[in-house]
Structures are given as structure tokens and as C-alpha cells.
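First up is the structure itself, then whatever we jot down about it.
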Amino acid sequence: DGAQRDLYETVRLAMHARVQAEIAQKGVGRSRIVILDALLKLRQVCCDPRLLKSETAKRVTESAKLELLMDLLPEMVSEGRRILLFSQFTSMLELIEAQVQAAGIPYLKLTGATTAREQLVDQFQQGEIPLFLISLKAGGVGLTLTAADTVIHYDPWWNPAVENQATDRAHRIGQDKPVFVYKLLTENTVEEKIAEMQARKQALADALLSDNGSINTWQAED
């Protein structure tokens, strides 16, 4: 709502004009960098306006997603949940870290700059620390975190395979609990649109490839 929504619309309109001009001049195939830059900026506004390096964004103090997260986390911790929280943006993890510290929630953090990976994993597996903040790139592979029963994707990755690899840190041999997976999506934004596209592509693939699938549900456009 409010200033965050206004900022999103401002960025969306500006980037839309830029992308359309680039495509008109070079075609879609040669406009990849501009398209990805536009999507990145929109995603950053969805996560927290402070991720966007502009004077206008710095004046926006609201972040609906961060507010929701900080409503969820204390309740989950009080319930005894053990949480893996992934973000693609290490700068976003720093913003979350500040909020978690203010709330007095014990946590660990793993990014590409972390050296003592095994020590952090051991600490979390011992079950005393309820929250593990992990950058998606650093924690997507090579970790076994079966102490977790909750996975939160703060900013869902647009490659579902990479996102699933991260989720699978908790789904390892030795896991004896159900694991709950949450994906935080900002409503009426590019995040929601991409999620819908992913679900549609997955449904098409399942209809074609799965043993019990059927292409009878396909349309001519498919």
C-alpha cells in the first residue's frame, strides 16, 4: 500500500517505456539485459524499497513483505518451529537481520562470504537456534538441515529448480518431520505474474510427461 505501491508504479511505468523502446529498436532477443534489469528493479521494490538505489526509494519506509515476515517469525518461533529463510539478495538478508535482532530472535546467517559453513550447520542441527538466514546462492546445494521444519522463500527465485534445491536442504535423508514451505509474493506485482507463469508451464509439462497426465487439457495455443 501507500508509498511502496506508488514507488512500484513509478518504476513499472518508467521501465515499461524503456523496455518497449529497446524491443522496438533491437528486438526481444537482443533486449535481454534491459528486460532483466527492469524485472530486477521491480522485484527489489517488492522485497523492500531500500534495495533500490535511488533517492526516491530511500524516502519510502514501508515494506509490506518485511512487515508480514516480522508478524510471522515471532509466532513461529514461539511455536517451536525451526526455520530456514532464503533470499536471493544478501542486502535483503541484512535488512531482515536488523529486524530479527530488534525482535530478540536468535539466528544464524549464511552467505557466500561465510567461511565456517559446517560450524553454522552443526549449530542449527543441534536445535537450539530457531532461525537460519541463508542466501539462495550460498545455501542452494551441499547443506543438510533436517532440524528445520519450515522453509520461507522471502523472494522466490524465478528458476523453480534452483528454488526446489534450496527447499530440499530440509528434505534430506534423516528428516522425520513434515516440512512447511512458504513463498512470500507481493500481490498484483510481477512476482505474482511470474508465479502464475511457472504454475502454467509446470501443468503443461506434467500433462505431457507424467504417467497419469493427459494432453486432452491442452489448448491449441499450448
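Tabulated values for the structure
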item: Cα shape, the range 17-81, gyration tensor, a/c 1.5 rule; result: prolate
item: Span-rule helices in the chain, defined as complete DSSP H runs reaching 18 Å or more along the axis (Cα) with Kyte mean at least -1.0; result: 2-26, 32-47, 64-78, 90-103, 190-209
item: Cross-link pairs K109/K201; K58/K109; K41/K109; K41/K177 - those with Cα-Cα distance over 27 Å; result: K109/K201; K41/K177
item: Three-way shape call for the range 143-222 based on the alpha-carbon gyration tensor, with the a/c threshold at 1.5; result: oblate
item: Value at 222 nm in deg cm²/dmol, rounded to 500, when DSSP H runs of n ≥ 4 in the chain each add -39,500 (n - 2.57); result: -16500 deg cm²/dmol
item: Those trypsin sites (Lys or Arg not before Pro) in the range 118-222 that DSSP places in a loop and that have at most 13 other beta carbons within 10 Å; result: R172
item: Cα lying deepest toward the dipole's positive end in the range 1-96, options I33, F86, Q44, charges on Cβ; result: I33
item: The range 34-76 and the range 163-222: distance between their alpha carbon centers, rounded to Å; result: 24 Å
item: Loop GluC sites (Glu not before Pro), the range 14-116 (other Cβ atoms within 10 Å of the site Cβ: 13 or fewer; DSSP); result: E79
item: Heavy-atom accessible surface of the chain: percent carbon and sulfur, 1.4 Å; result: 52 percent
item: Most mobile of G29, G112, G174 in a GNM of the chain (Cα contacts under 10 Å); result: G29
item: Cα gyration tensor, the range 10-143 - rounded (a/c under 1.5), prolate or oblate; result: prolate
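The values are calculated or read from the model by the stated rules, or taken from the named source; none is laboratory data. Quick caveat, the model's predicted, so the values are computed rather than measured. We place every Cβ from the backbone using ideal geometry, glycine too, and count neighbours over all the protein chains shown. Side chains are part of the model used for accessible areas, which takes the heavy atoms of the whole protein and leaves out ligands, DNA and RNA. Shrake-Rupley method; radii C 1.70, N 1.55, O 1.52, S 1.80 Å.
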